[in-house]
Amino acid sequence: MIFIFKILIRLGWMKYFNLRYRSSYNNYPITIPVINGLGKENLTLSEQWMTAVITHLLKVKKGAFIDVGVNVGQTLLKLRSVDSNLKYIGFEPNPACVYYVQELIKANAFSNTTLVPAGISDEDHLLILNFYSDGALDSSASIVKDFRPQKIYRKEYVACFQYESFHELLENESISIVKIDVEGAELQVLNSLANMLEQKRPFVLVEILPAYRIENSDRITRQAEIQKLIKKLNYRILRIQKSTFGFTKIDRIDINPPIEDCDYLLCPDEDISLIGPT
């Protein structure tokens, strides 16, 4: 069956079909809807290191999972393969992604799963989401102006709110993990989550793309502010070693690390001894 999907993708015909692919991931049965081409990215789940990291961290800390930047639900599928009932709250501002993930949730009858059709930021406002490809689910889309030098294919207004606007969703609950994948807007998200991080002390999984060169002053400034905030909150930065599954303590985020080294675990100081050798 997957061979047929690959042929349709290669021919560019997936946009004409509504299909469901039944498979399993990490020995957990899943159904992948592909709706006029939306969701084909889930036919092959990449980044298996993420599943291993989630599994490990959930053994150390219990509580709800917050996903900031859901895209097409890749992290949701990985989480459900590890824990089918853990409370999950995902934030996603792209309307096309929201539509698809709602269908993904229904197709799999996921319980205890909430999808919020908005982004997290340090202010309540409408922002412009810049798309760097012509795909509706563009995973590289960013609310950060001029984040990428490539051509902008289109722009959409999206809603973003401070985390405090949603605090009642998790007011009396512990939080185990926060995952942040927001294409350059990490500082705004972390600023918005600061009070919660200080009080609930979850692990934070975050991708921070390289600044690449010293002349890229906007990225370097944001990177420096992130590091300052992390230190203020009494968190440590660990680089995730994907091939060997491990963590390496680092003092600062480099300007131009290899792209495969741009995923980090932010760990509360008090939990550093619990996650294993570093």
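Taking amide H as placed 1.01 Å from N in the peptide plane, the amide H of Y25 sits under 5 Å from that of I30, each at least 5 places away or on another chain.
With the simple model of a label 7 Å out from the Cα in the direction of the Cβ, Y157 to S133 spans 2.8 nm. Going from the fewest other Cβ atoms within 10 Å to the most, the residues S84, S23 appear in the order S84, S23.
GNM remark for the chain: springs join alpha carbons under 10 Å apart, and the peak mean-square fluctuation among E186, E225, E168 falls on E168. When the square roots of the Cα gyration tensor eigenvalues are ordered a ≥ b ≥ c, the ratio a/c for segment 102-218 is 1.5 or more and a/b does not exceed b/c, which makes its shape oblate. Going from the residue with the fewest nearby Cβ atoms within 10 Å to the one with the most, S24, S121 rank S24, S121. Each part reduced to its alpha carbon centroid, segment 49-110 and segment 172-212 end up 15 Å apart.
All of the numbers you see were taken from the coordinates with simple rules; none came from a lab. Keep in mind it's a predicted model, so treat the numbers as computed, not measured. In this analysis, Cβ positions are derived from the backbone assuming ideal geometry, glycine residues included, and neighbour counts consider all displayed protein chains.
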